[in-house]
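Everything below concerns the one structure shown next.
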Amino acid sequence: VSPHIHSAALKAAVLDGEYKLYPIASDDKQGLADLLTKVRAGEIHGLNVTIPHKQNVMPLLDELTPTAKAIGAVNTIVLKDRNLVGDNTDAGGFWNDLQILLSHIKIKEKNALVLGAGGSARAVVYTLLQHGWDVTVSARRIKQAESLVTHYASRQLTAANYDVTTLSSLLSDISLIVNTTPVGMKSHPQGSPWIEGLPFPKNAALYDLIYNPAKTQLMKNAAEVGLPVRNGLGMLIGQALLSFEIWTGHKVSADKIDLNL
């Protein structure tokens, strides 16, 4: 998907160039270092980094932006004044797209429930905390959720057990649910990360980071009981265009990107 977004962005900005994939195995440190050498030499103008390299590329860089440092993950690399700088546009991409969903509800309390505690959860939690939300993270592995809470050490952030009893007691105050787990993704286990028998909160909205399929089981179930729902395609496009702007200095509007997924 990303090459399509960047090809469309290059066209919209009337720039020559191409966005290529460089597959590197998770344990191939030399391959990663060689790729960064090409950026230093000006052969490549910038890189996106995806799982599993978002963390292990960090020690190889000269600088991290405050956002990348706070999240503890990099998804964008650029050469600035001969320094390799690591940034993270997942946070901005998520926040900008989330505004479209939030416009459909009246928020009484800024209370969010984040499902999952992996890499994408870090960016989501960081963004929500930055904008004054209280966040509860719930994951099948409570230790992973607790580790995320420790990472941010914020009074606005707590971990909760992934069970009906615990989550039922929280739901009346929740106005936003964000799914960061891969459950429901085409290439992952089907079904929903929402626990069976757990009611959805009444005046909330649901954001699912998954964009393929366009409507996950979780989104369908939430929509059936009246919750506004949104998938992660806007976040995917948003983070890509923020990276594109970092590399080229050109701002491209999301409506210039036409994806038929």
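The values are calculated or read from the model by the stated rules, or taken from the named source; none is laboratory data. Keep in mind that this is a model prediction, so the values were computed, not measured. Calculation scope for accessible area: heavy atoms of the full protein, side chains included, ligands and nucleic acids excluded. Shrake-Rupley method; radii C 1.70, N 1.55, O 1.52, S 1.80 Å.
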### Summary
GNM of the chain, Cα pairs under 10 angstrom: of PRO193, PRO213, PRO201, the biggest fluctuation goes to PRO213
#### Entry: Amide H partners (placed H, <5 Å) of LEU157, local residues excluded
VAL135
### Length-normalised contact order of the stretch 75-164 in % [C-alpha pairs under 8 Å, at least 6 apart]
22 percent
### Query
Do you know the relative contact order of the stretch 128-261, to the nearest whole percent, from alpha carbon pairs under 8 angstrom that are 6+ apart?
16 percent
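Among DSSP beta bridges whose residues both lie in the chain, state the antiparallel percentage, nearest 5.
25 percent
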### Query
When the chain is modelled as a GNM with alpha-carbon springs shorter than 10 Å, which of GLY116, GLY226, GLY184 fluctuates the most?
GLY226
### Message
If the elastic network links every pair of Cα atoms under 10 Å, which of ASN231, ASN221, ASN111 fluctuates the most in the Gaussian network model of the chain?
### Response
ASN221
### Task
Output ³J(HN,Hα) for the stretch 69-79: one whole-Hz value per residue in order, computed from phi by the Karplus curve 6.51 cos²θ - 1.76 cosθ + 1.60 with θ = phi - 60°, and x for Gly and Pro.
5, 5, 6, x, 7, 10, 10, 9, 10, 9, 9
### Task
Using θ = phi - 60° and the Karplus relation 6.51 cos²θ - 1.76 cosθ + 1.60, list the HN-Hα couplings for the stretch 209-224 in order, rounded to whole Hz, with x at every Gly or Pro.
5, 5, 10, 9, x, 5, 10, 7, 4, 4, 5, 4, 5, 5, 5, 4
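Quick one: accessible area per residue over the stretch 111-261, 1.4 Å probe, rounded to a whole number of Å²?
47 Å²
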### Query
Hey, what did the chain get for relative contact order, percent, Cα under 8 Å, at least 6 apart?
19 percent
### Pairs from LYS54/LYS215; LYS220/LYS251; LYS54/LYS186 whose Cα-Cα separation, in the structure shown, is over 30 Å
LYS220/LYS251
### Message
Just checking my list (i) 19.3; (ii) 20.6; (iii) 18.4 against Kirkwood radius over Cα pairs in Å computed from this structure; which label fits?
### Response
(i)
### Task
Starting at the first residue of the stretch 124-137, write each ³J(HN,Hα) from the Karplus equation 6.51 cos²θ - 1.76 cosθ + 1.60 with θ = phi - 60°, in whole Hz, x for Gly and Pro.
5, 4, 4, 4, 5, 4, 4, 9, x, 8, 8, 10, 10, 9
